[in-house]
Every structure is written in C-alpha cells, then in structure tokens.
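Worksheet: the structure to be examined is printed underneath.
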Amino acid sequence: MAKEQVLVPDIGGAEAAEVVELLVGPGDSIEVEQGLIVLESDKASMEIPSTVAGTLAELLVKEGDQLAEGDAIAWVETDSAGDSDAGEAESGEGEDGGGADDGGSAAPREADAPGPAEADAGDSGSESSAAGADAAPDGAGGETVMDVPVPDIGTEDPVDLVEVSVAVGDRVEEGDSLVVLESDKASMEVPAPAAGEVVEILVEAGATVREGDLLLRLRGATPAAAAEPVPTEKAAEQKQSRPEQETGSQPVATSEVEDSGPATQEPAAPTPAPAAAPAATVAPPAQDVYAGPAVRKLARELGVELGQVSGSGPRGRILKEDLQGYVQKALKEGPAPAAGAGVPPVPEVDFAAFGPVSVEQRSKLDKLTAANMQRSWLNVPHVTQFDDADITELEAFRKSLKEEAAERGTRLTPLPFLLKACATALRAHPKFNASLSDGGNALTFKDYVHVGMAVDTPAGLMVPVIRDVDRKSLWELAEEVIAMAGAARDRKLKPADMQGGCFTVSSLGSIGGRGFTPIINTPEVGILGVGRAGVQPVWDGSAFQPRTLLPLGLSYDHRVINGGDAGRFMETLLGLLGDIRRLLL
Ligand code: CAO
C-alpha cells in the first residue's frame, strides 16, 4: 500500500484557477481519469482527473481555493507502489517518499508517510509533462522536437481525421493548419502550436483520433511555445463551457459547433467560459451552457440537452444534481407535446429493386444539419411570412458604389444592406432578438446584435456569425461577409465564429429561387430567407413602373412571436430597404 499525490496539471496557461466543485471525498474509491475536482480559471472550467487508482485518503483542497499548476490536490492510497502511469513516467527512479516537495513534476509522486505538511500545496513551479505538447531536445544541436497531439476538441469521442495538411519536411508557422478533423459537431483544423519543421507524421487521412493522440512531431519548436497551449495527456481534461447552440435550420449545420473549440490558434487554452445556464436569470446569454465534462458526459448519456437545464452552481454552473433534477421533473411531466415523439419513421426502401443505384456516405456535417433541421422543424412552430422589398433605390446606390468598392478592394452585394437593415429592425423589435429560456418560461433579450449568415460550401452548410452588425458600417460588413464566407468555404472558421447568433439571414439571391421558407436556427426565433431580386411592374396609382423587388420570407417561432409582431418587423424591414437613408436614423 502506498500513497500518491495528485497534482494540478497544466491548466491551459492560466496562472491560477479556483476550485469550484469537489467531485470526490475521503474514502471514495478512485479510478484513473476519474474527475477529482473542478477548476475554473478566467479561461475555462475544467475537471481535473486522477492520475492514479486507489482510495482517496485525503483531499487537500476545498471549494474557493486558488490553485496553480503543480499544487497538490489529494493523497490517494494505491494498491501497489507501481500502478501510476504518470508517476512512473515522470518521477522515474528515486521517489522514496520525498516526492512531494522535489519541485519536479505535475504527475503524482509517491510518499510513504504522507501528511498535510508534505503535500506542499504551494509547489507550483513544476515543469509539466502531464500536459502541454512535449518538447524535448532531439540530441542534434540542442534543437527541440515537439510532439503535437490532438488538442481539446470538445468531445471525448473519437473524430475522423479527414485531411493531413502538411508533409514531412514542411516548415510551418505557429497557427498554420496541420490536419483537419471532423467530429459530430464540426469540421475543424488543428493549428501548429509553434513554428517548426515537420519531421514525422504519425497519422493519415481516414484515421480516427481522439484528444491527446499524437499527430506529428515538429523540430525547432521552442519549448516555451510548446508548453503553452497544446495538452498532450488527458491530465487536464479541459472541457470548456460550451454554448449549447441548438442550431436548427439550413444554417445550423455548424452553428452546432457547440463544444469547446478545437481548431483555434490556442487549442488548449479554453475559451472563456461564457457562464450561463439558460436559466430564468437575466445575466447569462441563454444559448451558453456552463458545465464540466462529467456533467456533459452524463447529459449525453441521458440524452439531455444541457441548454434546457438550469445551473445552480457558482455562476450558473450546471451540477450533476441539476441534471438529475431536470430528468426527474421531465419524467414526472411526460414528453413535451411538440417533441415530435410518436411520428412513425419513413420506412427504408430497397431502391436497387427498381434499377441501378449507388450509395454514398454522408458527411458528418450533412448528417448534423439534417438532425438539426428536423429538431428545429419538430420543436418549433414555424410560421413564414412573405413580402417584397422595393430595392430600386438601394440597387441604384449600390451600383453607384461599385467603383469605390473596387478601389477599396471589396465588393458590395445586397447582403451587407440586408444585414444592416435586419440589425436595425432587431433593435426596434427586441422580441426577434430574444430566445426562450428556463424551459420556455422566460425570454432572454440580448443587448447585442450578432447576425448569422448562411454560407453554401462544398462541405455543407455553415453559418458564421457577424458580431455587432448594428454598430458596423456597410463597408465593414461587406468586408466581413467576404472574409467569413471565404473562411467557411476554406474550412477555416473557428467554433467561436459560429456561435452567439441572434438571428440569421439566408440569402439564395445569388443562386436563384423566388422565395422559400427558411427553417429557424434555434435557439434563435427568426430567420430571413432572401430570394433573387428582379424588375417587376408596380402600379403607382396611375401607371405601372418598373421596380426592383426583392422577395423576402421571414420565418418565426410562433411560441415567441405573434403574427402582429412579425408584420411590424417586416414593415420596418421593408421601410429600411425601400429607403436606406433610414438606416442612418
Ligand atoms: N438578388 C439578385 N442578385 C443578388 C442577390 C439577390 N438577392 N444577392 C446577391 N446577388 C448578386 C450579387 O449582387 C452579386 O452580383 P454583383 O457582383 O453583380 O453585384 C452576385 O449575386 C453574387 O453574389 P455573392 O454570392 O458573391 O455574394 P452575396 O453577398 O450575395 O452572398 C453568401 C454571399 C455567402 C451569402 C452566398 O455566397 C451564399 O453562400 N449563399 C447561399 C446561402 C444558402 O445556401 N442559404 C440557404 C441555406 S438553406 O439550405
């Protein structure tokens, strides 16, 4: 019987993090990888797993404590002295009881006669090998070779590696794309955590990988850069708070990228936890969900959408008890009437019985889009209202700016005008800028206007979100439309680029079609479908005039928006597009 100490691993570059939850207590039997505590830094909330199996002898921390990398968390009594992988890997020989204060490693160390005094909770200066891409001298002129693993991809499930974007010998800069992964939630790139030369590639397209798996090795990458963001082991299983954006409609495909963002420049430094159970409280954004990985896993197992659960933990964090309470309540109340339950499935048909066929597997993005469409369609009572905006003057103005646009190196399509007009209308009709929360008992009004834009890409539908549209000029919007659409088509969008939308514009104007009924990108409550503009005769009271009309279809969630609200919204929109001087008012 030996005791081993579990220490705080690399916590994504954060200097300190607060203990917000204790997941175990003395006497508990602990498995390797089992969460011990939940830490919350200014960047993320993360569950710290045990690196050893055994019985929890002593918990050295309490809620509210501030911890740094290397600080002691707990003593675990193990069956034998040798069953800690991380301990073996890091401590090597010679840990005969003095491990806790040797300042060495973030991995657990052994101690024969441990006690609180030996825990050395302030021992934070350790070099972590339990996290961070390992950069070790390769023996050739002191250059370092860095292992680059799959970073935090917001899921514990395996993901498909669909593309290796580099070859051995390539020189990459920090942030350059190394591989492309496709999970249930997104298509994402893994960027180089530091500059260097690719010396070995350990994966190939078509493989299945998961967080922590080695992708390749980079030579010349500096250890400092290596230590920063990329976690190697699961020691710090950082599942940042994820916006539970239940995207739904055409656009939804990748708004669903709700989990922690993998393909950002800083894969291991989790993005700020937006805190926010979709609770009745007004503070947190409704579409954001704040919960630790264990709770997320349980929610997945139970089939519960975390966005529906109110969090009672610090800053709205969803605890296991919240989830259990939610499930108990749901069981008592029975299925929601609009959940689509009981709809008989469409029977499978043997098409080959009627002639030759070929079968193609759909991409995850396509399947996800399909699921989201169905979810939105079945859960949200959609109403679509149509009208034509007279954009004759808008078009004349836009065309008069063509040269100036070219000089500025941009293009001005009708879309920036539409985005701007929608933003103004959203400010004037705040219900359209709201989302249902607290299980439908409350409305969360957003004091920001972020508008999603459906982009048709070869990989599927993506919906990048343009932030603060109400505060941007038409030129700024024109540039952002081009940049975002380009990033979507090049699969360079980060998860954060597709989150936080309040309303969506889906423009098929450049492709074709007079009008359509767009499906709402839940949890948003409205979406504008834009058809192709054309010149039509319009009666002015005494004669027909040729006017350029833009067909619009506004779908709205009838649980939130009434026909009157929608009529007024549409009138505002038509007024703004018909006389764009009003956008200045
Ligand atoms: N009516 C007539 N012409 C239109 C138009 C409209 N409603 N909207 C755009 N056009 C014109 C543009 O003015 C441009 O012509 P000019 O260069 O002569 O001005 C041309 O069509 C091409 O525009 P574009 O497609 O390059 O740019 P955009 O700003 O209109 O659209 C984007 C950008 C990303 C929205 C678009 O490329 C796209 O992907 N649309 C598809 C969205 C989609 O799939 N929605 C459905 C989702 S549900 O399945």
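We did not get these values from a lab; they are worked out from the coordinates using the rules stated. Every value quoted in this text rests on a predicted model; they were computed, and no experiment measured them. Methodologically, a virtual Cβ is constructed for each residue, glycine included, from the backbone with ideal geometry; neighbour enumeration extends over all protein chains shown.
If you restrict to DSSP beta bridges whose two residues both lie in the range 459-585, what percentage is antiparallel, to the nearest 5? Bridges in the range 459-585 that DSSP calls antiparallel: roughly 75 percent. Each peptide in 520-527, 344-351, 488-495, 403-410 gets a packing score, the mean of other Cβ atoms within 10 Å over its residues, and the list from highest to lowest is 520-527, 488-495, 403-410, 344-351.
Rounded, prolate or oblate: which one fits the range 484-585, using the alpha carbon gyration tensor with axes a ≥ b ≥ c (rounded when a/c is under 1.5, else prolate when a/b beats b/c, else oblate)? In terms of gyration-tensor shape, prolate. Scalar couplings 3J(HN,Hα) for the range 207-219, obtained by applying the Karplus form with A = 6.51, B = -1.76, C = 1.60 to θ = phi - 60°, are 6, 10, 10, 9, 3, x, 5, 6, 9, 6, 10, 10, 9 Hz; x denotes Gly and Pro. Pairs exceeding 31 Å between alpha-carbon atoms, taken from LYS329/LYS431; LYS320/LYS494; LYS3/LYS329; LYS3/LYS320; LYS320/LYS472; LYS431/LYS494: LYS3/LYS329; LYS320/LYS472.
Along the range 417-429 the Karplus relation, 6.51 cos²θ - 1.76 cosθ + 1.60 evaluated at θ = phi - 60°, assigns HN-Hα couplings of 5, 5, 4, 5, 5, 5, 4, 5, 5, 5, 5, 6, 10 Hz to successive residues, with x for each Gly and Pro. From Cα pairs below 8 angstrom and at least 6 apart in sequence, can you work out the relative contact order of the range 403-460, rounded to a whole percent? In percent, rounded to a whole number, it is 22.
Between THR208 and PHE351, the simple spin-label model (points 7 angstrom out along Cα→Cβ) gives 2.6 nm. Counting every other Cβ atom within 10 Å of each residue's Cβ, SER435, SER358 order from fewest to most as SER358, SER435. When both the range 451-469 and the range 381-444 are represented by their alpha-carbon centers, they are found 14 Å apart.
If the chain linking SER165 and LEU585 were pulled fully straight, counting 0.36 nm for each residue of separation and taking away their Cα-Cα distance, it would gain 146.4 nm. By other beta-carbon atoms within 10 Å, ranking TYR448, TYR326 with the fewest at the front produces TYR448, TYR326.
Once backbone amide H atoms are built at 1.01 Å from N, ALA207 has LEU161 as its partners under 5 Å, excluding neighbours fewer than 5 places away on the same chain. Between VAL535 and GLU407, the contour length at 0.36 nm per residue exceeds the Cα-Cα span by 43.2 nm.
Using a ≥ b ≥ c from the Cα gyration tensor of the range 527-574 (square roots of the eigenvalues), is it rounded, prolate or oblate, where a/c under 1.5 gives rounded and otherwise the larger of a/b and b/c decides, a/b for prolate? Oblate is the answer for the range 527-574, as a/c is 1.5 or above yet b/c matches or exceeds a/b.
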